[in-house]
Each structure stands twice: as structure tokens, then as C-alpha cells.
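Down below is the structure, laid out as C-alpha cells.
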Amino acid sequence: MKYRVLLVEDEIKTGEMLKKALELQEITVDWVVDGTEAITVFNNNMYDLVVLDLKLPGLTGDQVLEEIRKKDQYTEVMVYTNYQDPPVMKKLINLGVDAYINKGADADLWDTVEQIKEKLEPFSKEKVEQILYALPTQIIKEDKE
């Protein structure tokens, strides 16, 4: 399955590296560098996941998340930042952020890619097949009760 990610990252080197790494995993990535552009692009497209920095030109990451949640409560959003202000973190939690990835000098690019892939595809192919195989049995069992 092909996934589509919106990457909101204003640091050019970080954005370039993460975009390229995700594309190597066959993930379609739209990359924007400011919060205002993120809202415009999000409103005009469908995404499986938004990877969102907090410190951005234009709107800040928490403001972007607020706007995303007004339009779509179900798109998964991962905050990708090294900024950790307690009031902002509380706001993110209240807005329903789905995950947090710490970036910075000691962050591992491939670990970040793996975390994103796990969010996009939480079940292995085998687990999905197991769930689908068990489903008819469970439905039949419930109908008999």
C-alpha cells in the first residue's frame, strides 16, 4: 500500500534528508517549510500522516495541529521537534497528537523513519491476515449467542 505523508519542517537539511529517506521506503512525501503553507496543502490533499515540527515560520506547529483537527480529527499527526515547552506539550496532548519524535543532534534518521513506518502500518501483513481470518469466526460466534 502506498502512503502519503505531509512533512512540515523548516530546517532544509533535515527536511531534505527525511523526505529522501521516506521516499526510499516508497512513501509519498509532500514537504512544506512553514505553518501557513502546511494548512493550505493539508486542506487541498488527503494524508495518512502529518510529521510536524513545532518551531515554524508563519503558524507554529501547535497552531497547525489546531487547524488540522478542525478539518480532520482522524489524520495521524506526529510531532517531530526538539522543543519541549510544557504548556505547548499540554496543548498538543489536548489536540490529540498521536506521537512525538525527538529530533536533534543525537537523533537517528533511520530510527525516525522506522517510527513513521510503524505509525503508518501498525500491523504486519501476517497480523492483518490473522485478524481478517478470525473475523468471520467471531461474527458467526456472536450471531449464535
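Simple spin-label estimate for Lys20 and Glu126 gives 3.4 nm between the two label positions (7 Å along the Cα-to-Cβ direction from each Cα).
Amide H contacts for Tyr3 (H built 1.01 Å from N in the peptide plane; partners 5 or more residues away or on another chain; cut-off under 5 Å): Thr28. Candidates Asn44, Leu24, Tyr100 compared by Cα position along the dipole of the chain: farthest toward the positive end lies Asn44, with charges placed on Cβ. Here the Kirkwood formula, the inverse mean of 1/r across different C-alpha pairs, assigns the range 42-122 a hydrodynamic radius of 13.1 Å. For the chain, the Cβ-based charge dipole about the Cα centre amounts to some 240 debye (Lys, Arg positive; Asp, Glu negative; other atoms uncharged). As a rough footprinting exposure proxy, the listed residues Lys19, Lys117, Lys71 were ranked by other beta carbons within 10 Å of their own, and the order from fewest upward is Lys71, Lys117, Lys19. For Rg/Rh (Cα atoms, Kirkwood Rh), the candidate list reads (i) 1.06; (ii) 0.94; (iii) 1.19; the entry that matches the value derived from this model is (i). Distant-in-sequence amide contacts of Ile101, defined by a placed amide H-H separation under 5 Å and a gap of 5 or more residues or a different chain, comprise Val79, Tyr80, Thr81.
Read-outs: derived from the displayed coordinates by stated rules, not from any lab. Keep in mind that this is a model prediction, so the values were computed, not measured. Neighbour counts are summed over all protein chains in view; Cβ atoms, including those assigned to glycine, are modelled from backbone coordinates with ideal geometry.
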